[in-house]
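The values are calculated or read from the model by the stated rules, or taken from the named source; none is laboratory data. What you see is a predicted model; the values in this text were computed from it and never measured. So basically every Cβ, Gly included, is an ideal-geometry build from the backbone, and we count neighbours across all protein chains shown.
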Amino acid sequence: MVLVAALFTGFISMANAGLDEGLVAAKAGNFSLAFKEFEPLAEQGNAIAQYNLGQMYLAGQGVVKDTAKAVSWYRKSAEQGYAYAQFALGTMYETSRGVPQSDSQAVIWYRKAAEQGEVNSQFLLSLMYTEGKGVPQDDAQAANWCRKAAEQGDAVAQYDLGLRYGNGEGVPQDYIQSESWYRKSAEQGHAKAQYNLGWMYANAQGIPRDDVQAVSWYRKAAEQGNVDAQYNLGRMYEISKGELQNFDLAVSWYRKAAEQDDAHAQNRLGRMYENGTGVRQDNAQAVSWYRKAAEQSDVDAQFNLGRMYENGTGVRQDNAQAVSWYRKAAEQNDVDAQFNLGRMYANGKGVPQDDAQAAIWYSKAAKQGKVKAQFYLGRMYANGKGVPQDDVQAVNWYRKAAEQGDATAQYDLGVMYEKGLGVAKDIAQAVSWIRQAAEQGLAIAQYSLGVLYDNYDSVLHDKAQIVSWYRKAAEQGHDKAQFNLGLIYEKGEGVVQDDALAVSWYNKAAAQGDVQAQTNLGGMYERGQGVEQNNIQAVSWYLKAAVQGSASAQANLGGMYAKGQGVPQDDTQALSWFFKAAEQGNSAGQNNLGVMYARGKGVPQNWVVAYALFSLSVLGEVSHGAKYREISLKKITPKQIEAGQQLSIEIAKPNNLSKAIAAYLETAK
């Protein structure tokens, strides 16, 4: 307990010449004369003189300072019932001056004085009850004595009584009473009461919100140096709207509080420097203030300092330092720091990559409602990263984030419904969740919604929706949506057929590296469909797709080399690309490779190999494959037909075409 009012230091007079002369001498600073007047009266049993003599011994005024003698004279006066002496004797017992420390004795003397209406004793007695010092702890008794002092106009007691009503300590909680007592104290200049009254106005606690009144009372307290008021006054100037907003004043009051080592103010001042709000933008200053607050364990500042280190803003980039500060904040349960710490572990930034640790920190943040943490935790369960794979848990966390409006979580939840992972398959639910994400502008959701309408057209019955959602995604640059939209325009499905628009959308997707779009764009150039016919452009786009592994593009590119269209005729190149396409099971590649073997183009002529390849191409529904197979049948013997049939079986095995043909040719020798 901080003792309020050290001792009653006034000198008390009465209608007594000796006392009056002693008082006059004391006021004039002639303590020797005052002592001379007070001592004989005290010896004669005058309680007031005894009290004043105690005061002089306590302060060492006119006599050598002697706390034991001070106690002795206080006691003589107190035992005669003099309230001020009783109060003084109580303080001596409480603070162990001139007597052994005794809270119970302090209470006895405070009570005697308090019952006579001595205001300081009433308040100190309330504090003794509050803390259970010398008496059993009793908030009701504490409030009772506090009220007695407050009703006598004691500003400290009025403030304390306001606090008790606000917290419901010893009295029923009553914000109206709390405000009333704060106001009485505040009007006497009590800084903490002024601050609390301002806070009540700012937060509409028991009174209507009034930012002007809040600022007024905060300012009164702030001008007395109250650090909480300085910080909150700065906050009001920063966040208020309209005329009250004043960033310069916000910075000024934050600085005053920050220079008193208020961590909240230091953090906000750092933010003002970082954002250049009310002060010239200065990241180094921001870091400096964040650090001061962070070193005082301010959780927001620890997070902000971690962020500055991670981004290399105002300080040399240092992921290890970022992790260190994020961890300090995370361990104080800061949700953003927990999420960022999880992200650092997931990405191996500043710490060794550790999915298990990432999952732990994401989980902490997710349980506090951090949306992105819920989403990422769902992803970790879906993929079995850092946690056992669990689609049910994935759905659970996706749903939590999705219900808070996270578009990526809504999309992933929709996919889980579409695939029946962790939930029963439900296309209606899939469409519902993916639509919510799509309506927030998530391109992959817009594309996927188009795909859902496309794939389940017999159920959803809406071609216009297919086109609409593909277009939305395509306009955001989604390559698959651009390709699909191009295909729709080429085929005229749900739109007026338009080759030029098909080419336009193919071109956008192809420029992003989409293999199907590159292949189809090559075809449009080769056929002169929606664009001026240009074999060189056709070859260029076929080549881009072919080197990415597109079997269709490889077959088409082989055809261009075989015919010498857009490139010099080259059977070796044609054969090479046909092999690549056929190896992937592409029926056109198989058919064209068969033609090369049938004609002996780039390879020795071999009708058995040709027959085997034509037989496979027929399965792929190549229109002229059957015709070529019939021609090849006429060129080979029954035994060779049998060999060709066996070869087609071997060729059909994955990645076995070249090996199977080579083995047959070796055997056929």
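Return a yes/no flag: does segment 305-316 have any residue that is over 13 Å from residue 340 (Cβ atoms), outside any loop (DSSP other than H, G, I, E, B), at pLDDT 95 or above and hydrophobic (A, V, I, L, M, F, W, C). Within segment 305-316 (the criterion being over 13 Å from residue 340 (Cβ atoms), outside any loop (DSSP other than H, G, I, E, B), at pLDDT 95 or above and hydrophobic (A, V, I, L, M, F, W, C)), the answer is no, since none of the residues qualifies.
Summed over segment 609-627, the residues that are farther than 17 Å from residue 575 by Cβ and over 60 Å from the mean Cα position of the chain (by Cα) give a count of 6.
Checking each residue in segment 485-522 for being under 37 Å from the mean Cα position of the chain (by Cα) and in contact (Cβ under 8 Å) with a residue 12 or more places away in the chain picks out 508, 509, 512, 513, 514. Does residue 65 qualify as being charged (D, E, K, R), more than 21 Å from residue 45 (Cβ to Cβ) and over 56 Å from the mean Cα position of the chain (by Cα)? The answer is yes for residue 65. For residue 214, the test of being surrounded by 16 or more Cβ atoms within 10 Å (Cβ to Cβ), under 20 Å from residue 325 (Cα atoms) and of a type outside the set (Phe, Trp, Tyr) is failed.
Name the single residue that is modelled with the highest pLDDT among those in segment 7-62 being more than 20 Å from residue 93 (Cα to Cα) and among the hydroxyl-bearing types (Ser, Thr, Tyr). Ranking the qualifying residues of segment 7-62, first place goes to 32. Among the residues of segment 225-263, those identified as surrounded by fewer than 20 Cβ atoms within 10 Å (Cβ to Cβ) and polar (S, T, N, Q) are 240, 245, 246, 252, 260. Entry remark, segment 182-202: residues being hydrophobic (A, V, I, L, M, F, W, C) and either without any contact (Cβ under 8 Å) to a residue 12 or more places away in the chain or closer than 13 Å to residue 224 by Cβ (or both) number 3 in total. Within segment 117-133, if we keep just the residues that are crowded, with 24+ Cβ neighbours inside 10 Å and small (Gly, Ala, Ser), the residue that is farthest from residue 105 (Cα to Cα) turns out to be 126. So, residue 140, is that one at pLDDT 95 or above, aliphatic (A, V, I, L, M) and under 26 Å from residue 104 (Cα atoms) or not? Criteria met by residue 140. The single condition among (1) surrounded by fewer than 15 Cβ atoms within 10 Å (Cβ to Cβ); (2) in a helix (DSSP H, G or I); (3) of a type in the set (Gly, Ala, Ser) that residue 437 does not meet is (1).
Among the listed residues 409, 430, which satisfies the condition of being more than 14 Å from residue 373 (Cβ to Cβ), of a type in the set (A, V, I, L, M, F, W, C) and assigned to a helix (DSSP H, G or I)? Unique residue meeting the criteria: 430. Restricting attention to segment 507-546, the residues that are of a type in the set (S, T, N, Q), assigned to a loop (DSSP other than H, G, I, E, B) and within 21 Å of residue 565 (Cβ to Cβ) total 3. If you filter segment 196-246 down to residues that are at pLDDT 95 or above and of a type in the set (Ser, Thr, Tyr), you find that the one that is farthest from residue 185 (Cα to Cα) is 237. Each residue in segment 264-276 was checked for being farther than 18 Å from residue 295 by Cα, surrounded by 15 or more Cβ atoms within 10 Å (Cβ to Cβ) and out of contact with any Asp or Glu (no Cβ under 7 Å at 6 or more places or on another chain), and 2 of them qualify. Which number in (1) within 27 Å of residue 543 (Cβ to Cβ); (2) touching a helix residue (DSSP H, G or I) at 6+ places or on another chain (Cβ under 7 Å) marks the one condition that residue 662 misses? So the condition that residue 662 fails would be (2).
Each row is one residue, and each column tells you yes or no for (1) within 29 Å of residue 591 (Cβ to Cβ); (2) surrounded by 21 or more Cβ atoms within 10 Å (Cβ to Cβ); (3) not charged (D, E, K, R).
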position	(1), (2), (3)
492	yes, no, yes
495	no, no, yes
505	no, yes, yes
514	yes, yes, no
521	yes, yes, yes
531	yes, no, yes
554	yes, yes, yes
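Can you spot a residue in segment 585-600 that is in a helix (DSSP H, G or I), modelled with pLDDT of 95 or more and loosely packed, with under 14 Cβ neighbours inside 10 Å? Yes - at least one qualifying residue is present in segment 585-600. Within segment 627-640, being surrounded by 13 or more Cβ atoms within 10 Å (Cβ to Cβ) and either assigned to a loop (DSSP other than H, G, I, E, B) or in contact with a Ser or Thr (Cβ under 9 Å, 6 or more places away or on another chain) (or both) holds for 628, 629, 632, 635, 636. When segment 547-568 is filtered for residues that are in a helix (DSSP H, G or I) and more than 49 Å from the chain's Cα centre (by Cα), the ones remaining, listed by number, are 555, 556, 557, 558, 559, 560, 561, 562, 563.
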